[in-house]
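The values are calculated or read from the model by the stated rules, or taken from the named source; none is laboratory data. All values reported here derive from a predicted model rather than from experimental measurement. Here Cβ is always computed from backbone atoms with ideal geometry, including for glycine, and neighbour counts include all displayed protein chains.
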Amino acid sequence: MYDLIIANKNYSSWSLRPWVLLKMLAIPFNERLFPFGPAFESAAFLQASPTRRVPVLRDGDVTVWDSLAIVEYVAESHPAVWPADRTARAWARCAAAEMHSGFTTLRNQCAMSCGVRVALNDTPAALGRELARIGSLWREGLDTFGGPFLAGDTFTAVDAFFAPVVFRLQTYGLSVGAEGDAYAARILALDSMQAWYAAALDETTTEASHEADVLSVGIITHDFRVTAKQNA
């Protein structure tokens, strides 16, 4: 069985990708969570992650790091990771790769923090362009392949790669257009996404730099995490 090494569910967008994909495809795995902070300096984490980053997949003696590499490794044994149709598969790989390497303004301006709601101080033009591109890309996939997922009627890796964006839209009150917003709502409603979200809210640790990233761009209007209740 696979071991998947991840970090805090509230913060770790990269960890979410393989986690939600494995859950949606009912691929068994053991979860090993190391919270950001001192745990990343532990001997156990340094042994598990050669790059000192997450996610990492362990399959016996094989170590696979980077979310895209993990997805491709799992796909070799589980073809349902990507769409069966060749055209849909090519589109899905392109869209996933674009997400993997792009949208830097969204990443930097809107750090993932599932458990809060944030009013942004401003919306840079670059962020608006990236949101427009996401909306256009999602519409293309939905319209071309018929939905309800981006590359057809089943959840595949391309949906997993955009799952963190879905949480970001919720956190920062952002829109990518009517069709894209409806897709985001469908993804948020999935049992696996709700399980991730519930676990994120229940985490008892926070990490200062991730908290600072959020506060540097806006005002937290709601905090639904257990840590907020403990500090109230």
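Is it fair to say residue 60 is surrounded by 15 or more Cβ atoms within 10 Å (Cβ to Cβ), at positive phi and not assigned by TED's automatic domain parsing to the domain that holds residue 106?
The answer is no for residue 60.
Go through (1) surrounded by 21 or more Cβ atoms within 10 Å (Cβ to Cβ); (2) not assigned by TED's automatic domain parsing to the domain that holds residue 148 for residue 106 and report which single condition fails.
So residue 106 meets the others, but not (2).
Would you mind finding the one in 220, 134 that is over 29 Å from residue 74 (Cα atoms), in contact (Cβ under 8 Å) with a residue 24 or more places away in the chain and of a type outside the set (Gly, Ala, Ser)?
That would be 220, the only listed residue that is over 29 Å from residue 74 (Cα atoms), in contact (Cβ under 8 Å) with a residue 24 or more places away in the chain and of a type outside the set (Gly, Ala, Ser).
Quick one: which of 123, 144, 156 is more than 19 Å from the chain's Cα centre (by Cα) and farther than 22 Å from residue 218 by Cβ?
The conditions single out 144.
Anything in region 142-159 that is more than 27 Å from residue 73 (Cβ to Cβ) and buried (at least 19 other Cβ atoms within 10 Å of the Cβ)? List them, or say none.
Within region 142-159, 142 is the sole residue that qualifies.
Please find, among 88, 92, 96, the residue that is touching a residue at least 24 places away in the same chain (Cβ under 8 Å), crowded, with 20+ Cβ neighbours inside 10 Å and within 14 Å of the chain's Cα centre (by Cα).
Exactly one residue qualifies, and that residue is 96.
Please state which one of 209, 192 is surrounded by fewer than 11 Cβ atoms within 10 Å (Cβ to Cβ) and either in a helix (DSSP H, G or I) or among the acidic types (Asp, Glu) (or both).
209
Need a quick list: strands (runs of 3 or more DSSP E) entirely within region 45-134 having at least 2 residues that are over 20 Å from residue 165 (Cβ atoms).
56-59, 62-65
Quick one: count up the residues across region 23-44 that are of a type outside the set (D, E, K, R), touching a residue at least 12 places away in the same chain (Cβ under 8 Å), in contact with a helix residue (DSSP H, G or I) (Cβ under 7 Å, 6 or more places away or on another chain) and part of a helix (DSSP H, G or I).
Total meeting the criteria: 1.
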